[in-house]
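The values are calculated or read from the model by the stated rules, or taken from the named source; none is laboratory data. Here the structure is a predicted model, which is why all the values come from computation and not from measurement. Note that we place each Cβ from the backbone using ideal geometry, even for glycine, and neighbour counts take in every protein chain shown. We work out accessible area using only protein heavy atoms, side chains counted, and drop any ligands, DNA or RNA first. Shrake-Rupley method; radii C 1.70, N 1.55, O 1.52, S 1.80 Å.
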Amino acid sequence: MANMCFINIPSLFTMMYIISRLMSIVGAPREYWTRLLPHELQSLDLSHRLSFDEHFINLASTDFGNLVKSIPAAVLNPISIDDIVSLVRFSYNSPSTFAIAPRGHGHSIRGQAMAADGVVVDMRSLKGNADRIRVSASTEFGGWVDVGGEQLWIDVLHACLERGLAPKSWTDYLYLTVGGTLSNAGISGQTFLHGPQISNVLEMDVITGRGEMVTCNKHMNSDLFHAALGGLGQFGIITSARIALSAAPKRVKWVRMLYHDFFAFTRDQEHLISIKGLDYLEGSVMMDQSPANNWRSSFFSPSDHPRVTSLASKHGIIYCLEVAKYYNHPSIDNIDEEMELLFNGLEYASSFKFKKDVSYVDFLNRVRSGELELQKKGLWEVPHPWLNLFVPKSQISDFNSGVFEGILSKNSTNGPMLIYPMNKNKWDERTSAIIPDEEIFYTIGLLHSSGFDDWEYLEDKNKEILQYCVKAGIKVKQYLPHYKSKADWMNHFGLKWELFQTRKIKFDPKAILSPGQGIFN
């Protein structure tokens, strides 16, 4: 197998080296690239769909994180699933195997979609194929949608709404591919109620590292089914998935409440996820000098900005509880009354409750407008040194005092900071996803953006946070994990490591798939 190139850019010198390598290698003639792959590959029917074009190579050399550069030998633009099967099977059977990584919309942040000196499969090339989103209604439990792994969730939403249906669990951002989110978990404000997206999959088609196309579900080929869900692309390429649906609402009552007392904030969050009534719950942190709105949502009206920022300035740090309840037009008369009953006894700051009423589509697609604004300003495709963690409920107060009130309060931040609880019983422990061993745990999302010359500062802060957690004995688990050593990966998976490794040997014994994270390379 080709050597892996997983470069974490530590200095300006290293960045200059990478740029020079890209300029010299990406511009190299086709003959250079073909030497990196077995010569016999050119005899396959799909060889003319292997691109050595500088544009495609460059796109496949980085991802949304903009922290890692890893240059493939070629990019496959498949027109059918058979093209992908042929490629993987050829590598598996070749004396000189080469790495293969599927790439959806390129929103991984640490190289999951990269394959140094190998082949990146541009899954989006399949998007135009007919019948890649097929909705089936069912009077028994709502229905399901069979969808290609390359499809965007926003397109899945619109197709399902035509039948009055919708998936139950979402990510905050819908311009991600189905295969991409299912290989991680797929979390958002609905997770406390319906579990992550991987808990709502009925069946999948997966191409293993042996080049075998396998249909799997909880009862048939269940080991592969559970391995691939949350499996970071290590066991197979998800080419299609059957997602459970339910009746789609039309409207959303959307409410935010502000807190300056962290204990009241977490107590109220934990109370709300323990009762019935809400369809969505998230939380966030705002520091002094933070804008009232950020790219994830323009919830607060201009007239509210002074009050919100004044409260943050007064207390130095405040917390925002964000909830939503779905409804249809016949219930419009009593929706406010129903929500007020749910809010009875909550201890948010007096007079700091804000309401909006929006369509279901506008609510789910709320991040898109922020993305478009950043794109106009050239601020979307910048480094994103994100840190995503799961923190046990029993240690969330220690995390708050050490990180939000400590490490991050002393430094300016640029990006949303999320904090909200989830219920462990909504996750299937048989999947590859890793969560803390407590019935309630919190997700932390430090979604920072930076310039190309100052992202290392934020990376250092991320390291400081992780070091603090180790010293304080806070048993965090990374979501969208990133480690540099096998020992760290073993520690991350804990008791699941042996199973994870056994599954790798079974489904991808030559470690062909998704080498970018360096788990088995």
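Among the candidates Ile465, Ile505, Ile434, Ile440, the residue that is farther than 26 Å from Asp63 by Cα, of a type in the set (Val, Ile, Thr) and within 22 Å of the chain's Cα centre (by Cα) is uniquely Ile440.
In segment 49-78, which residue that is assigned to a helix (DSSP H, G or I) and open to solvent by 20 Å² or more (accessible area, probe 1.4 Å) is farthest from Ala116 (Cα to Cα)?
In this case the residue turns out to be Arg49.
When residues in segment 279-297 are screened for being among the hydrophobic types (A, V, I, L, M, F, W, C), modelled with pLDDT of 90 or more and open to solvent by 20 Å² or more (accessible area, probe 1.4 Å), 0 of them pass.
All conditions but one from (1) open to solvent by less than 20 Å² (accessible area, probe 1.4 Å); (2) touching a Lys or Arg at 6+ places or on another chain (Cβ under 6 Å); (3) assigned to a strand (DSSP E or B) apply to Lys325; the one that does not is (1). Comparison of Ser401, Ser350 shows that the only residue that is of a type in the set (Gly, Ala, Ser) and in a helix (DSSP H, G or I) is Ser401.
Restricting the search to helices (runs of 4 or more DSSP H) fully inside segment 79-196 and requiring at least 3 residues that are of a type in the set (S, T, N, Q) gives 81-93. In segment 449-466, is there at least one residue being at positive phi, open to solvent by 40 Å² or more (accessible area, probe 1.4 Å) and modelled with pLDDT of 95 or more? No. Taking segment 163-197 as the range and being open to solvent by less than 10 Å² (accessible area, probe 1.4 Å), more than 29 Å from Thr97 (Cα to Cα) and of a type in the set (Val, Ile, Thr) as the test, only Thr191 passes.
Where strands (runs of 3 or more DSSP E) sit wholly within segment 219-293, those with at least 3 residues that are touching a Gly at 6+ places or on another chain (Cβ under 9 Å) occupy 236-247, 280-287.
In the set (1) β-branched (Val, Ile, Thr); (2) under 30 Å from Thr62 (Cα atoms); (3) part of a strand (DSSP E or B), the condition left unmet by Ile318 is number (2).
Just for segment 332-369: of the residues that are of a type in the set (Val, Ile, Thr) and open to solvent by less than 30 Å² (accessible area, probe 1.4 Å), which one is farthest from Leu272 (Cα to Cα)? Per the criteria, the residue is Val367.
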